[in-house]
Amino acid sequence: MVEDIKKDATQRMQKCLDALKASLVKLRTGRANTAILEHIRVDYYGNETPLSQVASVVVEDARTISISPYEKTMVGVIEKAIFASDLGLTPNTAGTTIRINLPPLTEERRRDLIKVVKSETEGTRVAIRNVRRDANQDVKELAKEKIITSDDEKKAETEIQKMTDQYIAKAEEVMTAKEKELLAV
């Protein structure tokens, strides 16, 4: 019973950490990264389709992303989708290839992005603590129903706290790595 609660809590905390990593990948650093375009969807014959399914997206060099649509007719549609996105990127079309040049980040923009990183990390910490709270409540229910002893309850709560501390430390590591990446010129 207690092991199931801990296993469930571990899985949920890992999902919180994975969600943090996924959201931070979308943040633009100084380098080109195809992940910043992953959430863009284009109108492909009436269906909202991920950009990666209608075009080849590759990093050409440190500041350039190249998009090669599988069909020539998709060039305009892809351009519109990139303009409409919240990324603030300007696509340049040369024939059937779309290039996106990423301008270098200003110091002010870097500081703003670090604030976003810290905010996302704090949200993850809160989510991890919520998982801890839920797990502790489940353990208390077992103790209340006399399924486990109070000693087992205390032991389980201690183990859940250790697990929480580990995942919060992992979130801090992810935050620190992203901050270093943002501050690198």
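The values are calculated or read from the model by the stated rules, or taken from the named source; none is laboratory data. Note that this is a predicted model, so its numbers are computed, not measured. Heads up, the Cβs are rebuilt from the backbone with ideal geometry, glycines too, and the neighbour counts pull from every protein chain shown.
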When every residue in region 104-119 that is assigned to a helix (DSSP H, G or I) and in contact with a Leu (Cβ under 8 Å, 6 or more places away or on another chain) is compared, the one farthest from S23 (Cα to Cα) is R110
Does region 120-127 include one or more residues that are free of Cβ contacts under 8 Å to residues at least 40 places away in the same chain, polar (S, T, N, Q) and either surrounded by 14 or more Cβ atoms within 10 Å (Cβ to Cβ) or part of a helix (DSSP H, G or I) (or both)?
no
Close pairs (7 angstrom Cβ cut-off, 6 or more residues apart or separate chains): of a type in the set (K, R) in region 63-90, outside any helix (DSSP H, G or I) anywhere
R63/A32; R63/N101; R63/L102; K72/T96
For L113, indicate whether it is in contact (Cβ under 8 Å) with a residue 12 or more places away in the chain, assigned by TED's automatic domain parsing to the domain that holds V174 and either closer than 30 Å to V2 by Cβ or surrounded by 15 or more Cβ atoms within 10 Å (Cβ to Cβ) (or both).
yes
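In region 40-54, which residues are surrounded by 13 or more Cβ atoms within 10 Å (Cβ to Cβ) and free of Cβ contacts under 8 Å to residues at least 24 places away in the same chain?
Looking only at region 40-54, we keep the residues that are surrounded by 13 or more Cβ atoms within 10 Å (Cβ to Cβ), and these are 40-44, 49-52, 54.
If the condition is that a residue be surrounded by 13 or more Cβ atoms within 10 Å (Cβ to Cβ) and free of Cβ contacts under 8 Å to residues at least 24 places away in the same chain, then T49, P50, S52 are the ones that fit.
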Please specify each residue of region 143-165 satisfying the condition of being under 28 Å from D18 (Cβ atoms), surrounded by 14 or more Cβ atoms within 10 Å (Cβ to Cβ) and not charged (D, E, K, R).
A156, I160, M163, T164
Criterion: out of contact with any strand residue (DSSP E or B) (no Cβ under 6 Å at 6 or more places or on another chain) and β-branched (V, I, T) - qualifying residue of I65, I36
I36
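Of all residues in region 144-161, count the ones that are over 15 Å from E3 (Cβ atoms) and part of a helix (DSSP H, G or I).
Restricting attention to region 144-161, the residues satisfying the condition of being over 15 Å from E3 (Cβ atoms) are 144-146, 149-151, 154, 161.
Still in the running and part of a helix (DSSP H, G or I): 144, 150-151, 154, 161.
Number of matching residues: 5.
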